[in-house]
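Notes follow once the structure below has been shown.
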Amino acid sequence: MKLLPMLFGVLLAGAATLAAAAETAKPNILWIIAEDACKDFGCYGVEAARTPNIDRLTSESCLYRNAFATGPVCSTSRSAFMTGLYQTRIGAHNHRSHRTREFARPADVRLITERLREAGYFTANVRALPPELGFNGAGKTDWNFFDDGKAFNSARWNDLKSHQPFYAQVNLHETHRPYYRAAKNPTDPAKIKLPPYLADDPIIRSDWAAYLDEVAVLDEEVGALLRLLDREGLRENTVVFFFSDHGREDFRGKYFPTEQGFEVPLMVRWPALLKPGSTSEDLVSLLDVTATSLSLAGVNAAGLDGAPFFGPGTKKREFVFGARDRIDDTLDRVRTVRDSRFKLVRNYEPQRPYLQRMAYAELTNPSYNRMRQLYTEGKLNADQSKFMAPSRPAEELYDLQNDPFELHNLADAAKHEATIKRLRQQLDTWIADTRDQGAIPEDPRTVEEQLKRNASAEQKLRAEFGLGPDEVLLKTFDHPGKKP
Ligand SMILES: [Ca+2]
């Protein structure tokens, strides 16, 4: 008679083990998020880049060649991929706005971490890494809505192993400006292949070399994180997404609705679904990274603006949308749509130049400053001068297959009329469907407050960098060392 309860006990234990196995079958999800980086790694064919760790990760991952942020600056892009909703839909489209309690998120605008916690996930935005790594996570959030400090369960890497399944972000500072030249093996400026919109100039080459030195630091950090995963036995059950929050800050990348502003590197390591060493030309928005992560965790991502790009519920994306609104002291409103070949840019404020005066760029971006100088001196060629025009057309169309740097506007070309109409309609539909809030003027008090804050940040940077009231940064910084 004692056998039955015993047997029953064994069965129960077996069921508990099975349930535990099902629970642990949920993968951990790790987002390694770089700052302000385009596809400037060896694996994307950039010869001057020194990225052995990222290249190794690529050989274990699927490499995406056409991935994009929804906004060309940290706060708008991060607000979007943290919620899975366009920043224009949730009123987070103006840079560094809506940070006070007054702007609590509506109940249906939820963070990915809130959704994952309900599915049993432990969540972390890792700052504290094991000391032997020699660096920490930046812990960046930078959202354009109120942050109540409860978005994540932890900021410590060491909490992850004992709290599986986990969803963790490691936000890295690289490659945010200011850039520092490497002390050892610095990038040779002569080996850099500059895009045609930049002048071939020593200051610009040196600035780009410093960027690639920052890329090399990023690479070492990514390598250290992946080794840590291996060492802790977490590799097998962790999906690794590596991407950047938006494009590089050259002269017309970050801040601008250009390909270099929106484009991000993206690789995903999850051999269960993605063949190691494969590449994909699929169009991917960072909103799809959010949707895919939720879907891998078994969370219904319906109602979000993105869709899974692999795994359960995969949906192929036909169009990528982008938005640029006020950034610091530069007011603007631009919407973009692109398919696999053409891109339509709608400038709502065509009377403004492409390149407005921007205090932060003047103090941190030698390429931006040098290009303006060379333009004044009449030393730029036609392609390089285009971005200096005092106003813009209301509409621009680019054939990205033949003109990846968006130098030849085809908006008036009769032979592209059907393409323009098609993309125009897509943009109109997207704006209506997502209830784009861009047309609502920003509260003048917010703008005034921002301009004030910006002016004081400018003074602080000028003092820190030893720049006079009319001086702009043209030097590259050495590392280790001090900012000028
Ligand atoms: Ca950024």
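The values are calculated or read from the model by the stated rules, or taken from the named source; none is laboratory data. The model shown is predicted, which means the values in this text are computed figures rather than measured ones. Every residue, glycine among them, receives a Cβ derived from its backbone with ideal geometry; neighbour counts consider all protein chains shown.
Condition first: closer than 25 Å to Arg235 by Cβ and within 16 Å of the ligand (Cβ to nearest atom). Now tell me which residues in region 52-73 satisfy that.
Ala67
Of the conditions (1) more than 15 Å from the ligand (Cβ to nearest atom); (2) touching a residue at least 12 places away in the same chain (Cβ under 8 Å), Thr141 clears all except one; give me its number.
Failing condition for Thr141: (1).
What number of residues within region 125-138 are within 16 Å of the ligand (Cβ to nearest atom) and on the phi > 0 side of the Ramachandran plot?
Filtering region 125-138 down to residues within 16 Å of the ligand (Cβ to nearest atom) leaves 125, 137-138.
Narrowing further to those that are on the phi > 0 side of the Ramachandran plot: none.
So the answer is 0.
Would you point out the residue of region 144-176, among those that are within 16 Å of the ligand (Cβ to nearest atom) and aliphatic (A, V, I, L, M), that is farthest from Gly298 (Cα to Cα)? It would help to see each step written out before you state the result.
Filtering region 144-176 for residues within 16 Å of the ligand (Cβ to nearest atom) gives 144, 169-176.
Add one more test, that the residue is aliphatic (A, V, I, L, M), and what stays is 170, 172.
Details: Val170: 22, Leu172: 27 Å.
Looking at residues that are within 16 Å of the ligand (Cβ to nearest atom) and aliphatic (A, V, I, L, M), I get Leu172.
Name the one entry in Glu47, Glu118, Glu35 that is more than 22 Å from Ser295 (Cβ to Cβ) and surrounded by fewer than 17 Cβ atoms within 10 Å (Cβ to Cβ). Before the answer, list the steps.
Details: Glu118 fails: more than 22 Å from Ser295 (Cβ to Cβ); Glu35 fails: surrounded by fewer than 17 Cβ atoms within 10 Å (Cβ to Cβ).
Answer to the check: Glu47.
Which strands (runs of 3 or more DSSP E) does region 202-317 wholly contain that include 3 or more residues that are within 16 Å of the ligand (Cβ to nearest atom) and surrounded by 17 or more Cβ atoms within 10 Å (Cβ to Cβ)?
On the way: elements: 238-244, 263-269, 278-285.
The strands (runs of 3 or more DSSP E) meeting that bar are 238-244, 263-269.
Among the residues of region 81-113, write down those that are assigned to a helix (DSSP H, G or I) and either more than 13 Å from the ligand (Cβ to nearest atom) or surrounded by fewer than 21 Cβ atoms within 10 Å (Cβ to Cβ) (or both). Before the answer, list the steps.
Initial filter on region 81-113 (assigned to a helix (DSSP H, G or I)): 81-83, 101-103, 112-113.
Correct list: Met82, Thr83, Arg101, Glu102, Phe103, Ile112, Thr113.
Could you tell me whether any residue of region 177-195 is under 18 Å from Tyr121 (Cβ atoms) and within 16 Å of the ligand (Cβ to nearest atom)?
Initial filter on region 177-195 (under 18 Å from Tyr121 (Cβ atoms)): none.
Within region 177-195, not a single residue is under 18 Å from Tyr121 (Cβ atoms) and within 16 Å of the ligand (Cβ to nearest atom).
Tally the residues that are more than 19 Å from Arg181 (Cβ to Cβ), modelled with pLDDT of 90 or more and within 26 Å of the chain's Cα centre (by Cα), restricting the search to region 458-480.
1
Quick check on this structure: which one of Pro72, Pro27, Pro52 is surrounded by fewer than 16 Cβ atoms within 10 Å (Cβ to Cβ), at pLDDT 95 or above and not small (Gly, Ala, Ser)? Lay out the reasoning, then the answer.
Numbers: Pro72 fails: surrounded by fewer than 16 Cβ atoms within 10 Å (Cβ to Cβ); Pro27 fails: surrounded by fewer than 16 Cβ atoms within 10 Å (Cβ to Cβ).
From the options Pro72, Pro27, Pro52, the qualifying one is Pro52.
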